[in-house]
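Engineer: Have a look at this one before I ask anything.
What follows is calculated from the coordinates using simple rules that are stated; it is not laboratory data. Bear in mind the structure is a predicted one, so any value in this text is a computation, not a measurement. All Cβ positions, even for glycine, are placed from backbone atoms using ideal geometry, and neighbour counts span all protein chains on display.
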Amino acid sequence: MLILKKRYILSFITDIVVYYILFMGLYFFIVNNMGKMPKEEIDKIVSMQIVGYMSWFFFSFTISFMSNGIYNELVEGTFEQLCLTYNSITKIYFIKLLVYSLINTLIIFPLWLLLVLSTGVSLMINKDLIIVFLIMLIGTIGFSYLLGGITIRYKRTGQLAFIISIFFLGTSIIDFSNIPEGLRNVFYALPFTKGTDLMKSTIINGNCVVLKDIVFLSINSSVYLIIGIIIFRLAFSKATSEGTTSRF
């Protein structure tokens, strides 16, 4: 994957430029609509949006990776070859997903640096942020398995991954402190909403993540991982028994 990124460097640069332009459009919209709000308050809002935006950028790509990857393998006719290898398809895509996540991490840093330099805000990565990020990754992998299982079973899933990505973008930039508690708890049941909210609180307000939130996030992510893997394996078993892994 690193070789592909190097060979198709234009694609890599284009991704960073496009997502940079998208956020700067959001940034200018925020600044122009804040009126006479103090600069400290504006910087706080912008910082929250950067954290939410970067979180969306990473996890939405991770969520859709398995669905898009399996779809492309099915179209190209190479999925059956993966199924015939010594390792299980579950392990193969787990490694693929980890590698893809590492590649996305390499993309995040230059984009993060560009946004920080362009907006003038100060964002420091700390230990609590890394812990929350890694726990979120567990749940996101589970969600990716779930979408991958649906793709194996039904082949065409339309714009399902894209719709989920857009929904995630909405939850990433919303300030949940202004939402009623009941509705907020519903959103927190998703594998990424609570974690994004905690990362915002950690970076912007300097709050330490309490044990209760870590436990909740760990249970939430573990549940999604278990459910995702179960659905993936059931879907693969069904597709194998029907002989549909070799055709699109």
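Engineer: On alpha-carbon atoms, Rg over Rh for the chain using Kirkwood Rh? Could the numbers behind the result be given before it?
Structural biologist: Details: Rg = 19.4 Å, Rh = 19.4 Å.
Computed over Cα atoms, the ratio is 1.00.
Engineer: Quick check on packing: order 117-128, 54-65 by the mean number of other C-beta atoms within 10 Å, highest mean leading.
Structural biologist: Result, highest mean first: 54-65, 117-128.
Engineer: Using Cα pairs closer than 8 Å and at least 6 residues apart in sequence, work out the relative contact order for segment 2-242, in percent.
Structural biologist: Working: 231 pairs, mean separation 73.2, N = 241.
The value is 30 percent.
Engineer: Of the options 94, 148, 237, report the single residue whose Cα projects farthest towards the positive end of the charge dipole of the chain (beta-carbon charges: Lys, Arg +1; Asp, Glu -1).
Structural biologist: 237
Engineer: Sequence-distant or interchain residues sharing an amide H contact under 5 Å with residue 37, placed H: which?
Structural biologist: For residue 37, no residues qualify.
Engineer: Taking the Cα centre of segment 1-118 as origin and charging only Cβ (+1 Lys, Arg; -1 Asp, Glu), how large is the dipole, in debye to the nearest 20? Show your work: numbers first, answer last.
Structural biologist: On the way: 8 positive and 7 negative charges, 46 e Å.
That gives segment 1-118 a dipole magnitude of about 220 debye.
Engineer: May I pose another question? Any idea how many Lys pairs in the chain come in under 24 angstrom at the alpha carbon, given 8 or more places apart or on separate chains?
Structural biologist: Final tally of qualifying lysine pairs is 19.
Engineer: In addition: Given charges of +1 on the Cβ of Lys and Arg and -1 on the Cβ of Asp and Glu, with all other atoms neutral, how large is the dipole of the chain about its Cα centre, in debye to the nearest 20?
Structural biologist: On the way: 19 positive and 13 negative charges, 94 e Å.
Roughly 440 debye, rounded to the nearest 20.
Engineer: So what's the net charge close to residue 47: Lys and Arg +1, Asp and Glu -1, counting the other residues with Cβ under 11 Å from its Cβ? Don't skip to the end; give the middle numbers.
Structural biologist: Numbers: positive: 44, 200; negative: 40, 41, 43.
Combined, the nearby Lys, Arg, Asp and Glu give -1.
Engineer: Put +1 on the Cβ of every Lys and Arg and -1 on every Asp and Glu Cβ in segment 6-135; which of 11, 74, 110 then has its Cα farthest towards the positive end of the dipole?
Structural biologist: With unit charges placed on the Cβ atoms, the residue in question is 110.
Engineer: To continue, here is another question. Would you mind calculating the gained length between residue 227 and residue 154 on full extension (0.36 nm times residue separation, minus the Cα-Cα distance), in nm to one decimal?
Structural biologist: On the way: separation 73, 0.36 × 73 = 26.28 nm, distance 1.81 nm.
Difference between extended and current length: 24.5 nm.
Engineer: Turning to a different aspect of this structure: Working from Cα positions, state the angle (0 to 90°, nearest 10) between the long axis of helix 89-119 and the longest principal axis of the chain.
Structural biologist: Here the helix axis deviates by roughly 20 degrees.
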